[in-house]
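Q: Input: one structure, supplied below.
The values are calculated or read from the model by the stated rules, or taken from the named source; none is laboratory data. Owing to the predicted nature of the structure, the values given are computational and were not obtained by experimental measurement. Every residue, glycine among them, receives a Cβ derived from its backbone with ideal geometry; neighbour counts consider all protein chains shown. Ligands, DNA and RNA are excluded from the accessible area calculation, which covers all protein heavy atoms including side chains. Shrake-Rupley method; radii C 1.70, N 1.55, O 1.52, S 1.80 Å.
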Amino acid sequence: MSGRQLKLTIAEALREGATQLRLAGVADARREAGSLLAHSAGRDRTFLITHADEELDAERLSNFREYVKQRAAGKPLQYITGRQEFYGLEFDVNTDVLIPRPETELLVEAALEILKETESPCVCDVGTGSGCIAIALLHARTDARAYALDISTDALRVAAANAARHGVGERMTMLVSDCFDALDAEEHRRVRFDLIASNPPYVAESDLEGLQREVREHEPRVALTPGGDGLNVIRRLVKESPRYLKPRGHLLLEIGFNQHEAVRALIDTRTWTLLDIHRDLQGIPRTVALRLAE
C-alpha cells in the first residue's frame with residue numbers, strides 16, 4: 001500500500017476501490033466496492049451515501065483496502081463479508097459452504113407450494129451446506145420440522161449457526177451423512193418425509209475449468225462436483241429417496257445447465273411421477289419435481 005494516501009473520505013475510498021476492482025475485471029465494481037466499504041466501516045450503504053465527505057479512520061481504510069485486494073484476486077464478496085441473503089433471510093457463509101444462489105430460491109418456492117396442504121410437514125435437505133433450503137422452509141412454515149444432512153462436519157457447523165440465528169434450530173435435526181446413510185441408524189430408522197429437497201453437487205468434472213474463477217478457486221469442490229458426468233449424487237437421490245418418503249411423497253432436485261434430459265432418463269416411471277421441471281429466471285431447466293407414483 002506504499003505511496004497511497006493514509007486518509008481518504010468515504011467518497012474517495014469508494015472511487016479508489018471501484019477503480020481497482022474494475023481494472024481486475026470484477027463486474028459491478030462500484031456496487032461491490034460499496035459493499036466492501038460498508039462492511040469495513042460497519043455501516044450500511046445509505047450511511048455511505050449520506051456521509052460521503054466524512055473521512056475514514058486509518059484502521060477502516062486499511063481493512064477496506066485489504067478487502068478490495070482480496071476481491072480483486074477473485075475471492076467472492078460473500079466470503080469476505082461472511083454474509084449472503086437468501087429468500088429474504090441473511091445467512092452466514094464461509095469457504096466450508098456454497099454461497100446460496102437466487103436460482104435455489106425457486107426450489108424453496110416449489111417446496112412451499114407442494115406442502116401448502118400438508119399439516120406439520122417433515123422435510124429432508126440433503127447436502128444442506130449453509131442450511132439455506134431447510135431454514136427458509138422452516139422459517140416460512142412454523143409447523144414444519146426438518147432433517148439437514150451433509151457429509152461435511154464444517155458445513156453443518158455453519159448450518160447450525162444459521163438455524164440458531166433464525167430461531168429454527170429446535171425444529172432442525174442435523175446429521176453428518178453421505179446422502180441418506182445416517183438415516184439408517186436405529187434412532188432415525190423410522191423417520192419418513194413428506195418432501196426431500198436437495199441442491200446436490202452436479203457440475204461435471206470436465207466443466208470445472210469453465211466455471212467462474214470465484215467459484216472454481218474458492219467454493220468447496222465437494223459441494224460443486226461429484227466427479228465424472230456430475231450426476232452421481234442425483235442418481236443416488238432418485239434411486240434411494242423412495243425408502244425415506246411417505247406415500248405420495250415428493251423429491252425436489254436442483255440440476256445443472258443442460259442436464260434435464262439426462263436426469264429425465266434416470267426417472268423410473270414405475271416409481272416416480274414427473275410433475276415438472278421448473279425453469280429459472282434465465283429460462284434454464286433448474287428444479288426437477290417428482291412425486292412417488294401410486
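Q: Go over the candidates Ala144, Ala110 one by one and state the one that is touching a strand residue (DSSP E or B) at 6+ places or on another chain (Cβ under 9 Å), under 26 Å from Ile277 (Cβ atoms) and buried (at least 24 other Cβ atoms within 10 Å of the Cβ).
A: Ala144
Q: May I ask you to say which residue of Leu195, Leu208 is part of a helix (DSSP H, G or I), open to solvent by less than 20 Å² (accessible area, probe 1.4 Å) and either within 25 Å of Ala73 (Cβ to Cβ) or not aromatic (Phe, Trp, Tyr) (or both)?
A: On the way: Leu195 fails: part of a helix (DSSP H, G or I).
Just one listed residue meets the conditions, Leu208.
Q: Under 9 Å between Cβ atoms, which residue pairs at least 6 apart in sequence (or on different chains) link something in region 156-178 that is in a helix (DSSP H, G or I) with a partner that is surrounded by fewer than 15 Cβ atoms within 10 Å (Cβ to Cβ) and hydroxyl-bearing (Ser, Thr, Tyr)?
A: These pairs meet every condition: Arg171/Thr142.
Q: Under 20 Å from Glu117 (Cβ atoms), in contact with a helix residue (DSSP H, G or I) (Cβ under 7 Å, 6 or more places away or on another chain) and surrounded by fewer than 17 Cβ atoms within 10 Å (Cβ to Cβ): is that true of Leu292 in this structure?
A: On the way: under 20 Å from Glu117 (Cβ atoms): yes; in contact with a helix residue (DSSP H, G or I) (Cβ under 7 Å, 6 or more places away or on another chain): yes; surrounded by fewer than 17 Cβ atoms within 10 Å (Cβ to Cβ): yes.
Judged against the criteria, Leu292 is a match.
Q: Scan (1) open to solvent by 30 Å² or more (accessible area, probe 1.4 Å); (2) over 15 Å from Glu214 (Cβ atoms); (3) free of Cβ contacts under 8 Å to residues at least 24 places away in the same chain for the single condition Glu54 breaks and write down its number.
A: Failing condition for Glu54: (3).
Q: Can you find, within region 57-95, the residue that is farthest from Gly169 (Cα to Cα) among those that are open to solvent by 50 Å² or more (accessible area, probe 1.4 Å) and small (Gly, Ala, Ser)?
A: Looking at residues that are open to solvent by 50 Å² or more (accessible area, probe 1.4 Å) and small (Gly, Ala, Ser), I get Ala58.
Q: Within the group Ile277, Ile234, which residue is at pLDDT 90 or above and assigned to a strand (DSSP E or B)?
A: On the way: Ile234 fails: assigned to a strand (DSSP E or B).
Residue meeting the stated conditions: Ile277.
Q: I'm checking my understanding of the structure. Among residues of region 85-134 that are closer than 16 Å to Asp150 by Cβ, aliphatic (A, V, I, L, M) and not in a helix (DSSP H, G or I), which one is farthest from the chain's Cα centre (by Cα)?
A: Val123
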